[in-house]
Structures are given as C-alpha cells and as structure tokens.
Amino acid sequence: MSKILVIGSSNTDLITKVKRFPLAGETITGQLYTQAMGGKGANQALAARRSGGDVSFVTCLGSDANGRSALQYYAQEGLDISRALQVDHAPTGTAVILVNEEGENIIVLNPGANHQLHPADVSRLSETIRDASIVMLQMEIPLETVIRICELANEHNVPVMLNVAPAREISESLVSRISYIVVNETEIESITKLSLDKHAEDEVIDHLLSMGAKTVILTLGSRGCIVKSSTFRHEIHAFQVETVDTTAAGDTFCGALVAQLSKGETLENAIRFATAAAAICVTRLGAQPSIPFENEVKEFLQAESNGMPALKRKSGSRSIF
C-alpha cells in the first residue's frame, strides 16, 4: 500500500437538526445540536484512512482549544499529522451547519486558519510530495496554494486528485495539472461555463477533458457518477438508501476512492467502493462521525451483491453526494 498525501482544510462543525430551514428574519427551534470535527480536507483524509489508506494530512489550525482537540483526534484516528501547522493569529476554522428533515443542509463556513496555509508553507513540503503515491486536494484553502501544490506534484510526477469543492472557476493551466478531477454538476458548470440544462453531460465532460484533465469524475447525486477519460467511459449507479444527512458524502466518496486506488484497485472498482461508502455516510448525522470504515463498506457491498439491501430503505429514498 502506498502513501496518500491529503492537503486541505480542517474545521470544527456546529450542527443543528431542524424541521425546516428558517426564512429570512425568522427564528426557529432546533431539534438536535452536536459538535464534531469537519472540513473537506480533514473529512477526505479521515475517509481515506478509514477505507484502509496510509494517510498523511497537512492542514493549518489555530493555536486554540479547537485546534488542539483536532490534532489529538486525528492522531487517534491514525492520520500522520507530523506536518500540520498551527498559527497564533487566526482561529481554527468552523462551519455552522443546518440539516433539515429531508437530509439537505445549509452551511456557513468561517475559514479562519485554513486561509493561512500559504504557497511558501507547501513549498517546504517538496520532499513529502515527492514521496507520496497520490496527492488529494480540495478548494477550502487558498487557490494559490492549490496551484503551488500541483506544480510540485507535477515536478515529481506524482498524480493529483482535485475535488473542486466548494465550486469555483479554475484556470485551464491548473486543470491540465490534474490526474483525477472530481466535480458535481454545479462545480463542472463553474469550470467549463457550460450549463447542463443546455448541454449533454458528456459534452460538458468532454470540454473539461479538452482543458487538459486526464480523468473526469462527475458525481450526479442519486444517479451515481460518470467517469471518463480520452480512452474509456464508465457510469456507476448510486445505491438507494434512506438519507439522514448529506454532509460529507462527497468527501467520503473522494477519500474512499483515493484509498482504494492506493491499494491497487481498478478505477471502476474503486469508484463502486467509494459510491457505497457515500451511501452509508448519508444514513448518518454529521461529517466525520458519518464516515464508514472499510469493513462496513465491504459488508454493504457483499449484502447488495447478494440482493439483500444492507441498510434500511424507504420509498423514494436516495443517496446524494
């Protein structure tokens, strides 16, 4: 098994379960409150670790109670955090999350120390990047930092998986440095400037490939995902489960995917595993507490292959990521 390097955000999530989202100016009563570790980088690192990967996680935290708790927790989970940074001039990032009865969420992100991870910091990680088998990134750290990491990875011929979340425009130069680009419908529209209402999915994917991406993985919520390169195309269907909370489903997908690739699985098999991990994730509340372990995903897939749904379902249930 080879080393996975995840560089990205770490947050403390403040989660409230509500019957429905409030209107502007309205005060409503929450049904449940919980606090947990989150952040797209940390979620993906933990998902990769729980899916059997050997993971080193580089992040930037505040020198506060949340930062100290996060580092202790990640170490207990088996992540290599020896290169994580702490700063005194910014707090650890937080996310305020509302989850309604349909499992949909609204998130307010306070980046804090995540925006203090600068290109100069990652430039000092050149040897760490060189020794990785794959580097995984998201968009909750500064764009210029993401660009610098991709430059270093390319110099060392190390593949990069970039999840362009939250959605934003990125340059063709950056796209061309990506081995695996993971996007949902909103994210691929932000990059290509093509609307999926007016263009076929494959047409939009092909445009992203023409920008230089090696492999595009377009996640389609309850429909699953399409994975396409210049030489192959696969469509993997989602598993139907009862959705409780979609928070971290996409991160779970990405982390599980990179873990299976690091263990030598084919891309198609790795994506099926990742789709199952995301399905389990949405049946639970919270970000990192909802991320399944490798044995859970294997048991789920085995039950599904035997025609016996591994998780409770309802009519109209769905898996979203």
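The charge dipole of segment 58-170, taken about its Cα centre with unit charges on the Cβ of Lys, Arg, Asp and Glu (plus for the first two, minus for the last two), comes to roughly 300 debye.
Put +1 on the Cβ of each Lys and Arg and -1 on the Cβ of each Asp and Glu in the chain; which of Ala287, Leu85, Ser190 then has its Cα farthest toward the positive end of the dipole? Going by the charge dipole, the pick is Ala287.
Using just its DSSP H runs of length 4 or more, each adding -39500 (n - 2.57), the chain gives a mean residue ellipticity at 222 nm of -10000 deg cm²/dmol after division by all residues.
Figure the gain on full extension for Glu26 and Gln302 (residue separation times 0.36 nm, minus the Cα-Cα span) and round it to one decimal in nm.
Numbers: separation 276, 0.36 × 276 = 99.36 nm, distance 4.64 nm.
Once the chain is fully extended between Glu26 and Gln302, it gains 94.7 nm.
Each Lys and Arg contributes +1 and each Asp and Glu -1, all at the Cβ; summed about the Cα centre of the chain, the dipole is approximately 460 debye.
Each residue of segment 253-258 is assigned a 3J(HN,Hα), and the resulting list reads 4, 5, x, 5, 4, 5 Hz, derived from the Karplus form 6.51 cos²θ - 1.76 cosθ + 1.60 (θ = phi - 60°), x at Gly and Pro.
Contact order normalised by length for segment 2-115, with contacts defined as Cα pairs under 8 Å and 6 or more residues apart; what percent is it?
On the way: 250 pairs, mean separation 37.7, N = 114.
Answer for segment 2-115 is 33 percent.
Arranged from fewest to most other beta-carbon atoms within 10 Å of their beta carbon, Cys225, Cys281 become Cys225, Cys281. Backbone geometry of segment 219-235 corresponds, through the Karplus equation with coefficients 6.51, -1.76 and 1.60 at θ = phi - 60°, to 3J(HN,Hα) couplings of 8, 10, x, 5, 8, x, 7, 10, 10, 8, 10, 6, 10, 8, 9, 10, 10 Hz, x marking Gly and Pro. Whole-Hz Karplus values for segment 30-37 come out as x, 9, 7, 10, 8, 10, 8, 6 Hz, taken residue by residue from phi with 6.51 cos²θ - 1.76 cosθ + 1.60 and θ = phi - 60°; glycine and proline positions read x.
Can you tell me what share of the DSSP beta bridges in the chain is antiparallel? A percent to the nearest 5 is fine. Display every interim value, and only then the final one.
Working: 22 of 52 bridges.
Of those bridges, close to 40 percent are antiparallel.
Backbone amide hydrogens, once placed in the peptide plane, bring Ser9 within less than 5 Å of Lys40, Gly41, Ala42, Glu140, excluding anything fewer than 5 places away on its chain. In plain terms, the residue of Leu61, Leu162 with the fewest other Cβ atoms within 10 Å comes first and the most crowded comes last, giving Leu162, Leu61.
Please arrange Lys40, Lys17 by counting, for each residue, the other beta carbons lying within 10 Å of its beta carbon, fewest first.
By the 10 Å Cβ count, ascending: Lys17, Lys40.
Short-range pairs are left out: with C-alpha atoms under 8 Å and at least six residues apart, the relative contact order of the chain is 19 percent.
Spin-label model, Asp202 to His156: label points 7 Å out along the Cα-to-beta-carbon direction sit 3.8 nm apart.
The charge dipole of segment 36-102, taken about its Cα centre with unit charges on the Cβ atoms of Lys, Arg (+1), Asp and Glu (-1) only, comes to about 180 debye. Summary of the geometry: segment 1-49 and segment 286-300, compared by the centres of their Cα atoms, lie 16 Å apart. Overall, the anisotropy analysis places segment 230-309 in the prolate class: the square-rooted eigenvalues a ≥ b ≥ c of its C-alpha gyration tensor yield a/c not less than 1.5, with a/b exceeding b/c.
For each pair in Lys263/Lys298; Lys17/Lys40; Lys198/Lys228; Lys3/Lys40, compute the distance between the two Cα atoms and list the pairs where it is over 23 Å.
Numbers: Lys263/Lys298 15 Å; Lys17/Lys40 20 Å; Lys198/Lys228 20 Å; Lys3/Lys40 19 Å.
In this structure, no pair lies more than 23 Å apart at Cα.
Under a GNM of the chain (C-alpha, springs under 10 Å), which listed residue has the highest mean-square fluctuation: Gly286, Gly25, Gly38? Ranking Gly286, Gly25, Gly38 by mean-square fluctuation puts Gly25 first.
Look at [x] 19.0; [y] 16.5; [z] 20.6: the one that is mean projected area of the Cα convex hull in nm² derived from this structure is [y].
Throughout, read-outs are computed from the coordinates displayed, never taken from laboratory work. These figures come from a predicted structure and were not determined experimentally. For neighbour counting, all protein chains shown are included, and Cβ atoms are generated from backbone atoms with ideal geometry for every residue, glycine included.
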